[in-house]
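Here is the structure we will look at.
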Amino acid sequence: MISKLFKQMTHAQIISALIPTLCMLIDSILIGRLLGVDAMSAYGISAPIILIYGAIGYLMVNGIDVVLGRVMGKGDKEGANICFSSSIVLALAVSALTIFVIFAAGDPICTALGAGSATGDNPVFFHTRDYLRGYLLGAPVFFLSQILGTYLQTIGKRKVLIASVITMIIADVVFDLASIYMFNAGMLGIGFATSLSYFASFIVCLISFLDKDCIFSFHMDKIRISCIASIFREGSPILFNQLFFTVRTFLFNWILLGIDGNEAVAIFAVFTTLGNLIYSIGLGSGTVALMLSSIFYSDEDRSSLKSLVRVMISYSSLILVVTILLAEIFAPWIIRLFIASDPKMIRFAVIGLRIFLIGLIADNLNDVFKNYFQGIGEMLITNLIAFFKCLAFMIPCVLLLSHIFRLNGFWIGTVLGQYITFLSISVMIWRKYGRISFSDEAYCYLGPDFGAKPEDYVEMAVKDVDDAVLVSEKLLGFCCEKGIDRKTGMLIGLCVEEMTVNIIEHGFNKDRHSHNIDVRMTVKDDRRVIRIRDNCVDFDPTKYLELHRNDENDPSAHIGLRMVMNLVKEADYVNTLGLNNLTLVL
Amino acid sequence: MSTQYKLVSCTINGKKTEKMVDVRASLTDMLRNDYSLTSVKKGCEVGECGACNVLINGEAFNSCIYLAVWAEGKDILTLEGLMSPDGELSDIQQAFIDESAIQCGFCTPGFIMTAVEILNDKKLYSDEELRKKLSGHLCRCTGYENILKAVKKTMYRRLGKEFSDG
């Protein structure tokens with residue numbers, strides 16, 4: 001189930017990460033072709049502010065992923081709404097600040113960025129200021145659509161998320177063209193078109209939250225400063241990452257200038273653009289890894305974390321290997337899209353790209369592990385991986401190899417830096433466990449005291465009725481092993497059998513997808529906790545019984561559900577990531 | 001509503017049997033409805049009263065909270081299986097009659113099946129231990145003294161010891 005969930009979420013997240021990059025690409029093409037060289041320069045000059053703006057959004061999304069994951073993992077609906085309400089206020093506050101800064105201090109910012117001063121013979125300055133004003137005016141919808149995307153993933157509305165990003169790209173193109181051809185609004189129009197496209201995306205996201213059954217709802221009395229602080233704290237590794245990345249880009253450009261001048265820098269700029277597109281895969285799978293690891297970590301679910309580690313390595317690598325193979329094959333054509341004239345430069349760039357692409361596999365693995373470690377609260381390792389992959393291992397490798405093999409050495413250095421960083425994760429695992437291990441257990445990086453001891457829990461997957469029977473029998477045996485009295489053991493088996501057969505009978509055939517059920521029973525301090533998790537359509541048995549309490553036409557109606565709810569001491573339901581999670585305590 | 005069925009093969013009162021049963025049916029339902037073994041009483045149906053007790057592989061279980069599908073491959077004994085082929089009652093059944101340990105008779109089959117488990121242990125239990133072992137049964141009419149006496153008397157007889165009613 002974890003594997004399937006990871007794949008579904010990753011697809012949505014990759015598209016979500018890819019589309020803004022494509023939007024920027026579209027903006028740059030339209031500006032370059034329709035608004036001229038000055039406008040294009042202004043676009044390039046604005047880039048640092050746009051990057052910072054994006055990083056703030058990503059910080060919030062990352063922080064929410066962790067904070068929300070922790071509360072959802074515990075099934076804490078109140079905590080989830082506190083996170084929701086607080087993050088909405090945070091997004092609005094950051095938006096207000098952004099708009100204030102760009103309107104109050106737009107001129108000095110543009111000058112500081114290198115756009116020159118506000119004089120009549122300097123159109124670049126005005127283009128830059130207009131673009132930033134138009135772009136940042138949409139800050140509220142930009143930040144809100146970003147964070148609502150996270151909540152959409154959490155409630156399993158992946159199709160809505162994809163619909164919102166597709167709406168955004170269509171709206172961006174339409175509004176861009178309208179601003180140029182209908183309103184002649186220049187760079188202000190192009191910037192504002194992006195804001196409007198985020199507004200369209202926000203509206204699509206918002207519809208899901210207006211549903212009265214949605215678990216997230218905004219309440220003023222649920223806003224907590226402590227929650228906002230947690231979002232910032234948990235999302236902070238992204239700031240370190242951005243910082244290391246910026247220093248790396250600066251050092252790379254400096255090294256490249258020394259090797260082969262502007263041509264090498266231009267080739268690297270092409271690779272960065274391509275890398276950003278391919279990097280969407282790493283970004284997508286990394287975000288999903290962060291979200292899932294936070295939830296499973298909080299749920300103290302060791303086996304789900306193990307499954308997550310397995311699937312995040314295998315699946316994200318698989319997508320990336322296929323993409324990179326295609327890019328390797330089509331490298332000459334790809335390069336010609338960017339570099340049209342110089343055959344020597346094209347030849348160098350093709351060789352360089354083919355080498356550079358190999359490093360992206362390890363780059364992706366480093367990123368998913370970085371996010372995974374962030375999800376399980378290992379902040380030091382998270383920041384260390386970012387530091388290693390950007391600077392500590394990368395720069396010496398690049399410096400050394402470029403000194404020996406010139407430009408090709410530089411590309412090999414970037415590959416080596418990524419693989420050494422990945423190797424360093426194994427070294428950190430060796431330090432923690434005192435032995436070399438490549439098992440999923442070791443890469444989970446969990447202490448021996450994490451969660452229930454292996455002898456205190458049992459978990460099984462249910463795919464059909466035979467499995468349901470088998471699970472109930474296995475629970476009977478487990479209860480016997482744990483010294484639980486026979487009657488309680490039988491009642492546990494009975495409840496689980498009843499609920500799983502119910503799910504198979506009513507949930508498995510509701511749609512065309514294949515379904516699974518995971519059953520876990522934990523015994524801790526005389527508490528027998530059973531969690532039944534399935535990926536069928538949403539169904540809250542506690543709420544359902546509440547709604548049908550007064551159905552008197554058929555006294556035997558819902559007898560199985562009623563029996564289970566009467567037998568258990570506590571029953572709690574929560575839908576997380578589109579999965580039904582029913583927790584029963586006996 | 002569709003129902004899920006599963007083939008359950010088991011031995012009931014010494015006879016090998018096979019039946020398709022609803023996976024959510026209790027053993028009580030299977031024994032009563034599919035095999036007409038009506039000594040298995042439907043009482044509380046939550047494992048509290050013991051009226052449905054049967055022996056599964058020699059151990060007494062509340063069949064109302066024991067799923068029929070769990071009986072796959074098991075050896076089940078109900079009150080009907082205690083009689084000899086010529087219809088003669090077993091010693092424990094006879095003891096219940098002799099000691100007037102019956103009034104309405106609803107709880108009796110369950111009591112007797114638990115008593116069979118106790119007697120099969122071939123141990124001499126104290127009154128206190130017997131009371132504890134029989135505590136999973138509820139009787140609304142006779143009180144428990146005669147029932148205890150019937151079990152105790154049979155236990156002594158089987159162990160070849162002299163029983164004194166004191």
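The values are calculated or read from the model by the stated rules, or taken from the named source; none is laboratory data. Computed from a prediction, not measured in an experiment: that's the story for all the values here. All Cβ positions, glycine included, derive from the backbone under ideal geometry; neighbour counts span all protein chains shown.
The C-beta contact set for region A:450-470 (first residue more than 14 Å from every other protein chain (Cβ to nearest Cβ), second residue of a type in the set (Val, Ile, Thr), distance under 6 angstrom, 6+ apart or interchain) comprises A:ALA452/A:THR522; A:ASP456/A:VAL523; A:TYR457/A:THR522; A:MET460/A:VAL471; A:MET460/A:VAL519. Considering every residue within region A:474-497, establish whether at least one is farther than 26 Å from A:SER307 by Cβ, in contact with a helix residue (DSSP H, G or I) (Cβ under 9 Å, 6 or more places away or on another chain) and in a loop (DSSP other than H, G, I, E, B). Yes: region A:474-497 contains one or more residues that are farther than 26 Å from A:SER307 by Cβ, in contact with a helix residue (DSSP H, G or I) (Cβ under 9 Å, 6 or more places away or on another chain) and in a loop (DSSP other than H, G, I, E, B). When residues in region B:50-66 are screened for being outside any strand (DSSP E or B), within 12 Å of chain A (Cβ to nearest Cβ) and either aromatic (Phe, Trp, Tyr) or free of Cβ contacts under 8 Å to residues at least 40 places away in the same chain (or both), 4 of them pass.
Just one residue in the set A:THR500, A:THR542, A:THR522 is part of a helix (DSSP H, G or I) and more than 14 Å from every other protein chain (Cβ to nearest Cβ); that residue is A:THR542. Of the numbered criteria (1) farther than 21 Å from A:ARG527 by Cα; (2) among the aliphatic types (A, V, I, L, M); (3) in contact with a helix residue (DSSP H, G or I) (Cβ under 8 Å, 6 or more places away or on another chain); (4) in a helix (DSSP H, G or I), the one A:LEU423 fails is (3). In region A:124-131, the count of residues that are of a type outside the set (Ser, Thr, Tyr), in contact with a Ser or Thr (Cβ under 7 Å, 6 or more places away or on another chain) and either surrounded by fewer than 17 Cβ atoms within 10 Å (Cβ to Cβ) or not in a helix (DSSP H, G or I) (or both) is zero.
Taking residues in region A:482-504 that are over 20 Å from B:ALA71 (Cα atoms), and partners anywhere that are among the small types (Gly, Ala, Ser) and at pLDDT 90 or above, the pairs with Cβ atoms closer than 7 Å and at least 6 places apart or on different chains are A:ILE504/A:ALA468.
Of the residues A:VAL288, A:VAL321, only one is part of a helix (DSSP H, G or I), under 16 Å from A:GLN374 (Cα atoms) and not aromatic (Phe, Trp, Tyr); which?
Values: A:VAL321 fails: under 16 Å from A:GLN374 (Cα atoms).
After ruling out the rest, the residue left standing is A:VAL288.
Look through region B:1-19, keep the residues that are farther than 17 Å from A:ILE559 by Cα and within 12 Å of another protein chain (Cβ to nearest Cβ), and return whichever of them is surrounded by the most Cβ atoms within 10 Å (Cβ to Cβ). Filtering first and then ranking leaves B:VAL8. Looking across region B:23-50, the residues that are out of contact with any Cys (no Cβ under 8 Å at 6 or more places or on another chain) and surrounded by 17 or more Cβ atoms within 10 Å (Cβ to Cβ) come down to B:VAL23, B:ARG24, B:ALA25, B:ASP29, B:MET30, B:LEU31, B:ARG32, B:TYR35, B:LEU37, B:SER39. Taking the numbered list (1) modelled with pLDDT of 95 or more; (2) not in a helix (DSSP H, G or I) in turn, B:THR114 passes all entries but (2).
Kindly indicate whether A:VAL321 is closer than 18 Å to A:ALA289 by Cβ, among the hydrophobic types (A, V, I, L, M, F, W, C) and either modelled with pLDDT of 90 or more or loosely packed, with under 15 Cβ neighbours inside 10 Å (or both). Steps first, answer last, please.
On the way: closer than 18 Å to A:ALA289 by Cβ: yes; among the hydrophobic types (A, V, I, L, M, F, W, C): yes; either modelled with pLDDT of 90 or more or loosely packed, with under 15 Cβ neighbours inside 10 Å (or both): yes.
Criteria met by A:VAL321.
If you check B:VAL69, B:VAL40, B:VAL46, which single one turns out to be among the β-branched types (Val, Ile, Thr), within 11 Å of chain A (Cβ to nearest Cβ) and assigned to a loop (DSSP other than H, G, I, E, B)? Reasoning before the result, please.
Details: B:VAL69 fails: assigned to a loop (DSSP other than H, G, I, E, B); B:VAL40 fails: within 11 Å of chain A (Cβ to nearest Cβ).
From the options B:VAL69, B:VAL40, B:VAL46, the qualifying one is B:VAL46.
Within region A:435-451, the residues that satisfy the criterion of being surrounded by fewer than 18 Cβ atoms within 10 Å (Cβ to Cβ) and either of a type in the set (Phe, Trp, Tyr) or part of a loop (DSSP other than H, G, I, E, B) (or both) are A:ARG435, A:ILE436, A:SER437, A:PHE438, A:SER439, A:GLY447, A:PRO448, A:ASP449, A:PHE450.
Just to be sure, is A:ASP518 without any contact (Cβ under 8 Å) to a residue 40 or more places away in the chain and acidic (Asp, Glu)? Don't jump to the end; show me each part of the working.
On the way: without any contact (Cβ under 8 Å) to a residue 40 or more places away in the chain: no; acidic (Asp, Glu): yes.
In short, no.
Take A:SER95 and decide whether it is under 15 Å from A:GLY54 (Cβ atoms), part of a helix (DSSP H, G or I), free of Cβ contacts under 8 Å to residues at least 60 places away in the same chain and of a type outside the set (Val, Ile, Thr). Yes; evaluated as a whole, the condition is true for this residue. Quick check on region A:111-118. Is at least one of its residues hydroxyl-bearing (Ser, Thr, Tyr) and not in a helix (DSSP H, G or I)? Checking region A:111-118: at least one residue is hydroxyl-bearing (Ser, Thr, Tyr) and not in a helix (DSSP H, G or I). From the list A:ASP301, A:ASP363, A:ASP342, A:ASP367, the one residue that fits, being on the phi < 0 side of the Ramachandran plot and more than 21 Å from the chain's Cα centre (by Cα), is A:ASP342.
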